[in-house]
Amino acid sequence: MLGFALLLVRFVAGLRLSQIGFQPWREWSATEKSYCVQAFLIANVVFSLVFAARLRVILAEPSVLERVWTVFLPYFLWGFYQEVVYRGILQTELVRRWGSPGGILVSNALYTFGPLHFYHFSQTSPALPMFAAIFAIGLFFAVLFRRSGNLWMVAIFHGTGDVYIEGTLQQMMAKTVDAA
């Protein structure tokens, strides 16, 4: 889906990928490079500590490399896909039409309550805290993207979060189903 979305951007919309925020590394400012590397490293340390129990179970499996390719890489790319659609395409266009505050808020509301997160309504636990967290994180990513114009940073952060939060959860749920 990520590849398809990028092909649509390039060949249907006629935009260069840099026009939706995929700036080449050589064009990043020193601050952006430093921030991205530091945040990526810190996120991996923090997520590794928070999800240590899940990671121990997954890393104890004999097929850990298979898990990387079949679970963690797809979740990382899923974060990229979401950022391409909601920040790179939707937010960019809505900000162009309605200005920063309106474009950011509407695109973030669509991201939060749209089809990618709608399944939270069907969960037995209250959905409000989940939607509040998704909206807050999405708003942070939206403002970061608007200020920097750099989709790589938010896509890397989003993909990293998806790997730890969704990827490790999916593996634990699969183990529970296998054990039953």
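The values are calculated or read from the model by the stated rules, or taken from the named source; none is laboratory data. Just so it is clear, the structure is predicted and the values come from calculations on it, not from any experiment. No Cβ is skipped: glycine too gets one built from the backbone with ideal geometry, and neighbour counts run over all protein chains shown.
Here is how the numbers come out for the structure above:
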item: Selection from the range 139-154 of residues that are crowded, with 19+ Cβ neighbours inside 10 Å and outside any helix (DSSP H, G or I); result: ASN150
item: Number of the condition not met by ILE89 [criteria: (1) at pLDDT below 95; (2) surrounded by fewer than 19 Cβ atoms within 10 Å (Cβ to Cβ); (3) of a type outside the set (S, T, N, Q)]; result: (2)
item: Given (1) over 22 Å from VAL85 (Cα atoms); (2) without any contact (Cβ under 8 Å) to a residue 12 or more places away in the chain; (3) surrounded by 11 or more Cβ atoms within 10 Å (Cβ to Cβ); (4) touching a helix residue (DSSP H, G or I) at 6+ places or on another chain (Cβ under 9 Å), number of the condition GLU27 does not satisfy; result: (3)
item: Residue list for the range 92-113, restricted to those being part of a helix (DSSP H, G or I), surrounded by fewer than 19 Cβ atoms within 10 Å (Cβ to Cβ) and not hydrophobic (A, V, I, L, M, F, W, C); result: GLU93, ARG96, ARG97, SER100, PRO101, GLY102
item: Hey, VAL9 surrounded by 12 or more Cβ atoms within 10 Å (Cβ to Cβ), within 25 Å of LEU151 (Cβ to Cβ), over 17 Å from the mean Cα position of the chain (by Cα) and touching a residue at least 24 places away in the same chain (Cβ under 8 Å) or not; result: yes
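Here's the yes/no breakdown for (1) surrounded by 18 or more Cβ atoms within 10 Å (Cβ to Cβ); (2) touching a strand residue (DSSP E or B) at 6+ places or on another chain (Cβ under 8 Å); (3) at pLDDT below 95; (4) assigned to a helix (DSSP H, G or I):
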{"site": "PRO115", "(1), (2), (3), (4)": "no, no, yes, no"}
{"site": "PHE121", "(1), (2), (3), (4)": "no, no, yes, yes"}
{"site": "THR124", "(1), (2), (3), (4)": "no, no, yes, no"}
{"site": "PRO129", "(1), (2), (3), (4)": "no, no, yes, yes"}
{"site": "ILE137", "(1), (2), (3), (4)": "no, no, yes, yes"}
{"site": "ASP162", "(1), (2), (3), (4)": "yes, no, yes, yes"}
{"site": "MET172", "(1), (2), (3), (4)": "no, no, yes, yes"}
{"site": "THR176", "(1), (2), (3), (4)": "no, no, yes, yes"}
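To keep it simple, each residue is scored yes or no on (1) polar (S, T, N, Q); (2) touching a Ser or Thr at 6+ places or on another chain (Cβ under 9 Å).
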| position | (1), (2) |
| --- | --- |
| LEU17 | no, no |
| PRO24 | no, yes |
| GLU32 | no, yes |
| ALA43 | no, yes |
| SER48 | yes, no |
| ALA52 | no, no |
| ILE58 | no, yes |
